[in-house]
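Following: one structure in structure tokens, then a few remarks.
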Amino acid sequence: MGLDSYFYELFEGLPRQGPGDNESTKKALHMIRQLPATLNVLDIGCGSGTQTIELARNISGTITALDNHQPFLDELDRRASREGFSDRIRTVNGSMFSLDFAKESFDIVWSEGAIFVIGFERGLGEFRPLLKPGGYLAVTELCWIKEDQPREIAAYFEAVYENLPAMKNVAGNHECIERVGYELIGSFTLPESAWWESYFRPMEAGIGRMRGKYPGNARVDELCNEMLHEIDMYRKYSRYYGYVFYVMRKSG
């Protein structure tokens, strides 16, 4: 699925650009201990920044929010202004493949629903130098949470991850975390409500609007059908996979 203007138009209308919820953001944040009172945080792949705003509500300090799509950042700037966080949230248009930040400059690096773009293991390695000694990394990653997956859902994700590292199970990601140089603090699976309330149901409404706005547009129909297929796969097979929040501490 190409990331064309129709794709971005659909996703710009969503409260989140992937599964997640504020309760899960806070749960992961509360797993972090032994940090200074005023923090320097980097949110990688922030999208329109729902989790960025939630972080700002729950910490003292500054947040640098990075994404490579300027309209997402513009929306985050508007949200930050409304919430009174403009002086604490700085948006940066950039790529996680080229993180132009000083080494050991962040207490926490955060990334919800985005690390798959670079790959879980590579992302852990690329993000690690940015953390201060003993700093924390918190990410969500799509994982198998049950073995013996039906062929339909296994084939679906083989196609989705065709040009990316294959999706792992939770134990495989735990091993990866240790191998790259982190201490795992904890992990938990996002509830199914985190998929439906801020992502799939708004997505279904957005699909209706897109089809009404672009009747007969073959590309819009293709995009909408792909997204409806994603929703259908989750509806049928959610017990086999999910987003897992991993909270880890830089070791060594």
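The values are calculated or read from the model by the stated rules, or taken from the named source; none is laboratory data. Since this is a predicted model, take the numbers as computed values, not measurements. Here Cβ is always computed from backbone atoms with ideal geometry, including for glycine, and neighbour counts include all displayed protein chains.
Of the conditions (1) without any contact (Cβ under 8 Å) to a residue 24 or more places away in the chain; (2) closer than 30 Å to I32 by Cβ; (3) more than 19 Å from the chain's Cα centre (by Cα); (4) surrounded by 13 or more Cβ atoms within 10 Å (Cβ to Cβ), A171 satisfies every one except a single condition; which number is it?
Every listed condition holds for A171 apart from (4).
Can you pull out every residue in region 86-136 that is touching a residue at least 12 places away in the same chain (Cβ under 8 Å), surrounded by fewer than 19 Cβ atoms within 10 Å (Cβ to Cβ) and among the hydroxyl-bearing types (S, T, Y)?
S95, S105
With respect to A80, determine if the residue is surrounded by fewer than 24 Cβ atoms within 10 Å (Cβ to Cβ), touching a Phe, Trp or Tyr at 6+ places or on another chain (Cβ under 6 Å) and at pLDDT 95 or above.
no
Restrict the check to region 32-46 and report whether at least one residue is at pLDDT 95 or above and assigned to a helix (DSSP H, G or I).
Scanning region 32-46, I find no residue that is at pLDDT 95 or above and assigned to a helix (DSSP H, G or I), so the answer is no.
Could you tell me whether region 184-195 includes any residue that is surrounded by 15 or more Cβ atoms within 10 Å (Cβ to Cβ) and more than 16 Å from the chain's Cα centre (by Cα)?
Taking every residue of region 184-195 in turn, at least one turns out to be surrounded by 15 or more Cβ atoms within 10 Å (Cβ to Cβ) and more than 16 Å from the chain's Cα centre (by Cα).
Any residue in region 128-143 that is within 27 Å of S95 (Cβ to Cβ), at pLDDT below 95 and out of contact with any strand residue (DSSP E or B) (no Cβ under 8 Å at 6 or more places or on another chain)?
No, the conditions are met nowhere in region 128-143.
Please enumerate the residues belonging to region 1-50 that are more than 21 Å from D77 (Cβ to Cβ), hydroxyl-bearing (S, T, Y) and in contact (Cβ under 8 Å) with a residue 60 or more places away in the chain.
Y6, S24 - these are the residues of region 1-50 that are more than 21 Å from D77 (Cβ to Cβ), hydroxyl-bearing (S, T, Y) and in contact (Cβ under 8 Å) with a residue 60 or more places away in the chain.
Just to be sure I understand, how many residues within region 122-161 are acidic (D, E), more than 24 Å from R16 (Cα to Cα) and under 18 Å from the mean Cα position of the chain (by Cα)?
Counting residues in region 122-161 that are acidic (D, E), more than 24 Å from R16 (Cα to Cα) and under 18 Å from the mean Cα position of the chain (by Cα) gives 1.
Report whether or not M248 is assigned to a loop (DSSP other than H, G, I, E, B) and crowded, with 18+ Cβ neighbours inside 10 Å.
no
Any residue at all in region 218-235 that is of a type in the set (A, V, I, L, M), touching a Ser or Thr at 6+ places or on another chain (Cβ under 8 Å), surrounded by 15 or more Cβ atoms within 10 Å (Cβ to Cβ) and assigned to a helix (DSSP H, G or I)?
Checked region 218-235: no residue is of a type in the set (A, V, I, L, M), touching a Ser or Thr at 6+ places or on another chain (Cβ under 8 Å), surrounded by 15 or more Cβ atoms within 10 Å (Cβ to Cβ) and assigned to a helix (DSSP H, G or I).
Could you say which residue among A80, A28 is more than 30 Å from Y161 (Cβ to Cβ) and out of contact with any Gly (no Cβ under 6 Å at 6 or more places or on another chain)?
None of the other options fit; the residue is A80.
Looking only at region 2-30, count how many residues are part of a loop (DSSP other than H, G, I, E, B), surrounded by 16 or more Cβ atoms within 10 Å (Cβ to Cβ) and of a type in the set (A, V, I, L, M).
1
Give the number of residues within region 49-70 that are more than 15 Å from the chain's Cα centre (by Cα) and in a loop (DSSP other than H, G, I, E, B).
Number satisfying all stated conditions: 2.
When the residues of region 30-48 are narrowed to those that are within 17 Å of the chain's Cα centre (by Cα) and of a type in the set (A, V, I, L, M), which ends up nearest to S111 (Cα to Cα)?
Selected residue: I44.
Name the helices (runs of 4 or more DSSP H) wholly inside region 91-193 in which the number of residues that are touching a helix residue (DSSP H, G or I) at 6+ places or on another chain (Cβ under 6 Å) and closer than 22 Å to L66 by Cα is 2 or more.
Where helices (runs of 4 or more DSSP H) fall fully within region 91-193 and carry at least 2 residues being touching a helix residue (DSSP H, G or I) at 6+ places or on another chain (Cβ under 6 Å) and closer than 22 Å to L66 by Cα, they are 120-127.
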